[in-house]
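Heads up: the structure comes next, in structure tokens.
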Amino acid sequence: MIDFIFEPLQYSFIQRALFASILVGLACAVLGIYVVLRKMAFIGHALSHSALPGLVIAYLCGYNLFGGAIVATVLTALGIGLIVKNESVYEDTAIGIVPIFMFAFGILLISTTKSYRDLSAMLFGNILGVGISDMIWISLLTLFVIGTLFLFHKEFELFSVDPYYAKAIGINLNLMRYGLLFLLALTVVTGIQAVGTILTNALLIVPVASARLLTNRLRTMMILAAVIAVSSGIVGIYISYYFNVSSGAAIVLMTTIWFVGIWLLKTFKNK
Amino acid sequence: MIGRLHVPYSGCRHGNPDTLAPALEIKNLSAGYSGEQRLALKKINLSVPVGARVAIVGPNGSGKSTLLKSVAGLLPIRNGKIKIYGEAVGACFHRTVYLPQRSEVQWSFPIDVRKLVLSGRYVHLGWFHRAAKEDYQKVDVALNQLGIKSIGQRQISQLSGGQQQRVLLARALVQDADLLLLDEPLNAIDADTREIVSKVLKDLKDKGKTVIVATHFLDKMAQDYDGAFYLNEGEEAAIPPGGFSGIKLR
């Protein structure tokens, strides 16, 4: 049994994967609180899909993949913000259009290279392939996201509970809105390394949704969501190692198992 | 605060109020919501002296909320002027407090009553600062005053309509503002809460605060207010026959 746990740890790629999964889990859980409570799930979905062309262009030109993904997601976030500000298009329509364009554009680009193996890593993630420079990027992004949320917690909270009052005391609502989208874009980029563009949104939503079934308190919810996300990452990596299956899929499936388990527990307890 | 960097939300320093100016002076004000051609307020003139309690009365959609929102700086002004203690809107955020309608607050957000009331201190704290002991003390005083001390730890998602209204009023008091803009604080409240609101209005007057209340309740007008301003379809309306008028507001 002990060997079962320690055997994979001798490999540095497993160590790096675990390190990355812990950080990604933390960032997604903390920011996911706002994504779920502010009903931004659809935007998270959009941003993660939009990273694809950035990843592909960076890959083709030999640039840093993180840089490419950040540029693409941040541009998408700003694009959605601009279209919505115009008020002639509904927000959900804008969020529906922009990422589909970006995703299709990304597929089109990668089809020129015929390298579908790399495409699959972009779509479904490859946490077992995390290198040293990836670790540094993930650490910096996670630190930035959590640090920013910590520093501006009271403003983000008030902006979410009572935007009118927030505006009446001089807080710029657009600054808060774009700030949150920017953090979301960065978090999505860390998640892509772990579970890929298609599944990243699950890491933002499912741990928080599960935690929300258990508690009404913001702090407890954040801690529970982090525990669920991080444990799913770790267990997912072990499953991937032992059964030779996709790490991204295993991680996301673990989060949904948490969700279904908690939901069943709650439903039957209430009966 | 001495020695600590203070970064106000609005980015600008608070102006020096004109001590001789009325609490609120509105001249020829027209306002509307963004994206709409229609004016929600047309050519409003209103002057509220320091220390007065004024009711803004009118049916739903008459522009009561729009008027308060314009004064709170939540809506762009299309035309005319608003002066608060002689200063432009936004020059003195901490001296004006806006109490939104209950329906404009996200009550499902997972925070407790104390935390929501505490947000009334944020305008004094600005960016980066955390609430200190005296901020929490002010919260406790306000919770006591409104008789909701016992539900301080309760999640805001579990409040009745009357409790929600008391919580919002507590937050408005915690801000220690001089001009209070209360949007429908009497909506969906029970008799006990009504009683408490009356007491709070009286107490605010004793402290020399100026209070403007948007309402469509016409009971206890003479008891709770010093003056009334009637609105209909965005324009000033005449005092209805037998209606309360009180002090002059021009």
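The values are calculated or read from the model by the stated rules, or taken from the named source; none is laboratory data. Since the model is a prediction, treat every value here as computed from it, not as a measurement. Note that each Cβ is placed from the backbone with ideal geometry, even for glycine, and that neighbours are counted across all protein chains shown. Heads up: the accessible areas ignore ligands, DNA and RNA and are worked out on the full protein's heavy atoms, side chains in. Shrake-Rupley method; radii C 1.70, N 1.55, O 1.52, S 1.80 Å.
If you check A:Val74, A:Val84, A:Val24, which single one turns out to be modelled with pLDDT of 90 or more and either of a type outside the set (Ser, Thr, Tyr) or part of a helix (DSSP H, G or I) (or both)? Show your work before the answer.
Numbers: A:Val74 fails: modelled with pLDDT of 90 or more; A:Val84 fails: modelled with pLDDT of 90 or more.
Testing whether each residue is modelled with pLDDT of 90 or more and either of a type outside the set (Ser, Thr, Tyr) or part of a helix (DSSP H, G or I) (or both) leaves just A:Val24.
Of everything listed in (1) at the interface with another protein chain (Cβ under 9 Å from one of its Cβ atoms); (2) in contact with a Pro (Cβ under 6 Å, 6 or more places away or on another chain); (3) of a type in the set (Gly, Ala, Ser), the single unmet condition for A:Ala168 is (2). The residue that is nearest to the chain's Cα centre (by Cα), among those in region B:140-157 that are assigned to a helix (DSSP H, G or I) and at the interface with chain A (Cβ under 8 Å from one of its Cβ atoms), is B:Ile156. Note on region A:171-221: residues that are without any contact (Cβ under 8 Å) to a residue 60 or more places away in the chain, open to solvent by less than 10 Å² (accessible area, probe 1.4 Å) and away from every other protein chain (no Cβ under 13 Å) total 1. The set of residues from region B:128-139 being on the phi < 0 side of the Ramachandran plot, part of a loop (DSSP other than H, G, I, E, B) and among the hydrophobic types (A, V, I, L, M, F, W, C) comprises B:Ala131, B:Ala132. Considering only residues in region B:59-103 that are in a loop (DSSP other than H, G, I, E, B) and on the phi > 0 side of the Ramachandran plot, the one that is surrounded by the fewest Cβ atoms within 10 Å (Cβ to Cβ) turns out to be B:Gly61.
Is one or more of the residues making up region B:181-192 in a helix (DSSP H, G or I), in contact with a Phe, Trp or Tyr (Cβ under 9 Å, 6 or more places away or on another chain) and buried (at least 17 other Cβ atoms within 10 Å of the Cβ)? Even if it seems obvious, please write down each step before you answer.
Of region B:181-192, the ones in a helix (DSSP H, G or I) are B:191-192.
If we keep only those that are in contact with a Phe, Trp or Tyr (Cβ under 9 Å, 6 or more places away or on another chain) too, we end up with none.
No, region B:181-192 contains no residue that is in a helix (DSSP H, G or I), in contact with a Phe, Trp or Tyr (Cβ under 9 Å, 6 or more places away or on another chain) and buried (at least 17 other Cβ atoms within 10 Å of the Cβ).
Under 20 Å from B:Leu179 (Cβ atoms) and away from chain A (no Cβ under 13 Å): which single residue out of B:Arg78, B:Arg38, B:Arg53, B:Arg95 fits that description? Being under 20 Å from B:Leu179 (Cβ atoms) and away from chain A (no Cβ under 13 Å) holds for just one of B:Arg78, B:Arg38, B:Arg53, B:Arg95, which is B:Arg53. Number of residues in region A:103-140 that are open to solvent by less than 40 Å² (accessible area, probe 1.4 Å), at pLDDT 85 or above and hydroxyl-bearing (Ser, Thr, Tyr): the value is 1. The residues listed here are A:Tyr63, A:Tyr11, A:Tyr34; of these, the one that is within 22 Å of A:Ser231 (Cα to Cα), hydroxyl-bearing (Ser, Thr, Tyr) and either open to solvent by 60 Å² or more (accessible area, probe 1.4 Å) or away from chain B (no Cβ under 14 Å) (or both) is A:Tyr11. Among the residues of region B:109-126, those that are facing chain A (nearest Cβ under 9 Å) and of a type in the set (D, E, K, R) comprise B:Asp112, B:Lys115.
Residue by residue, here is whether (1) away from every other protein chain (no Cβ under 14 Å); (2) within 25 Å of B:Tyr225 (Cβ to Cβ); (3) not charged (D, E, K, R) holds:
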| site | (1), (2), (3) |
| --- | --- |
| B:His129 | no, no, yes |
| B:Ala132 | no, no, yes |
| B:Lys138 | yes, no, no |
| B:Ser160 | yes, no, yes |
| B:Gln163 | yes, yes, yes |
| B:Ala170 | no, yes, yes |
| B:Asp183 | no, yes, no |
| B:Thr193 | yes, yes, yes |
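Taking the criterion of being farther than 21 Å from A:Ile33 by Cβ and assigned to a loop (DSSP other than H, G, I, E, B), the only residue of region B:104-127 that qualifies is B:Gly126. For region B:203-250, a tally of residues being under 21 Å from B:Val174 (Cβ atoms) and β-branched (Val, Ile, Thr) returns 4. Selection of first residues in region A:130-145 that are closer than 12 Å to A:Phe13 by Cα and of second residues that are β-branched (Val, Ile, Thr), restricted to Cβ pairs under 8 Å at least 6 apart or on distinct chains, gives the following pairs, ordered by first then second residue: A:Val130/A:Ile138.
Which residues, counting only those in region B:180-215, are in contact with a strand residue (DSSP E or B) (Cβ under 7 Å, 6 or more places away or on another chain) and closer than 18 Å to B:Gln164 by Cα?
Narrowing region B:180-215 to residues in contact with a strand residue (DSSP E or B) (Cβ under 7 Å, 6 or more places away or on another chain): B:180-186, B:201, B:204-205, B:209-215.
Result: B:Leu180, B:Leu181, B:Leu182, B:Asp183, B:Glu184, B:Pro185, B:Leu186, B:Leu201, B:Val213, B:Ala214, B:Thr215.
For region B:191-227, a residue qualifies if it is of a type outside the set (A, V, I, L, M), over 22 Å from B:Gln145 (Cα atoms) and modelled with pLDDT under 90, and the qualifying residues are B:His216, B:Phe217, B:Asp219.
For the structure I just gave you, tell me whether B:Val71 is at the interface with chain A (Cβ under 10 Å from one of its Cβ atoms), in contact (Cβ under 8 Å) with a residue 40 or more places away in the chain, among the aliphatic types (A, V, I, L, M) and touching a helix residue (DSSP H, G or I) at 6+ places or on another chain (Cβ under 8 Å). Quick ask: steps written out before the conclusion?
On the way: at the interface with chain A (Cβ under 10 Å from one of its Cβ atoms): yes; in contact (Cβ under 8 Å) with a residue 40 or more places away in the chain: yes; among the aliphatic types (A, V, I, L, M): yes; touching a helix residue (DSSP H, G or I) at 6+ places or on another chain (Cβ under 8 Å): no.
No.
Quick check: anything in region B:228-249 over 30 Å from B:Pro110 (Cβ atoms), modelled with pLDDT under 90 and open to solvent by less than 10 Å² (accessible area, probe 1.4 Å)? Yes; the residues of region B:228-249 include at least one that is over 30 Å from B:Pro110 (Cβ atoms), modelled with pLDDT under 90 and open to solvent by less than 10 Å² (accessible area, probe 1.4 Å). Number of residues in region B:54-91 that are within 19 Å of B:Ala237 (Cα to Cα) and charged (D, E, K, R): the value is 1. When region A:141-162 is limited to residues that are facing another protein chain (nearest Cβ under 8 Å) and over 16 Å from B:Gly126 (Cβ atoms), the one that is surrounded by the fewest Cβ atoms within 10 Å (Cβ to Cβ) turns out to be A:Ser160.
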